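See structure below.
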Amino acid sequence: MPVRLDLDPHFRPCEPLDGEEIYPNGIFEFNITRLLAYIDAEGRFRAEFVPLDDIPLAGKSSGLNELAVATADLSRPVILAEIAPGRYNLIDGHHRVARARREGLLRIPTHRIRCPEHVAFLTSDQAYAAYVEYWNAKADETSADHPRSRRTRAGRRANPSVRRDEPGT
């Protein structure tokens, strides 16, 4: 079951400085420059090869800069952020994905950043509040699709595959 996020009253937006790369995903604007620095500093994010078919829309826009596509460094991992429980969106690497598609590659190196780790890189309080609301709505939908175990009158579980230490059981 996906976790729900609580609004942190001490949240501080990752406001962009001059020259920092930002990725706008609707209201959810991420500071890519600082997210990349975090990934590099942590040393625990291992790149995995992800099939391009798992990134269906990315790299197909006619608005991409053709020079940037032609010179994109395919050895540098793209970033997929978990935008909703189990659903990842490309937030860095559109030109690399486009080049990989054009060259007929099947996979691309990727960093998957799970929620809530990427939340700290939202650039405004408004984006943060909207993201928490969006995430929780999606988490609730996911939870509704996977009913929790029900206890019988005797207190035993109707579904023995659910562990007792899971929230809500």
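Highest-first packing order for the peptide set 117-130, 6-19 is 117-130, 6-19, based on the mean count of other beta carbon atoms within 10 Å. Pair-distance distribution of the range 1-77: all C-alpha pairs, bin width 10 Å, starting at 0; shares per bin in whole percent are 12, 32, 42, 12, 1. A simple count of charges around Ala120, restricted to other residues whose Cβ falls under 11 Å of its Cβ and scoring Lys, Arg +1 and Asp, Glu -1, yields 0.
With the simple model of a label 7 Å out from the Cα in the direction of the Cβ, Glu133 to Met1 spans 2.4 nm. Over the range 22-142, how many percent of alpha carbon pairs lie in each 5 Å bin up to the one with the longest distance? In order of increasing distance, the bins hold 2, 11, 21, 22, 20, 15, 7, 2, 0 percent. You can think of it this way: the chain between His10 and Glu117 has 36.9 nm of extra reach, that is 0.36 nm per residue less the Cα-Cα gap. If only the Cβ of Lys and Arg carry +1 and only the Cβ of Asp and Glu carry -1, the dipole of the range 22-142 around its Cα centre is close to 420 debye. Sorting 64-70, 33-39 by average packing, meaning the other beta carbons within 10 Å per residue, from highest down gives 33-39, 64-70. The relative contact order of the chain comes to 30 percent, based on Cα pairs under 8 Å that sit 6 or more residues apart.
Every read-out reported here was derived from the displayed coordinates using simple, explicitly stated rules and does not represent laboratory data. A quick note: this is a predicted structure, and the numbers were derived from the prediction, not measured. Neighbour counts run over all protein chains shown; Cβ positions are idealised from the backbone, glycine included.
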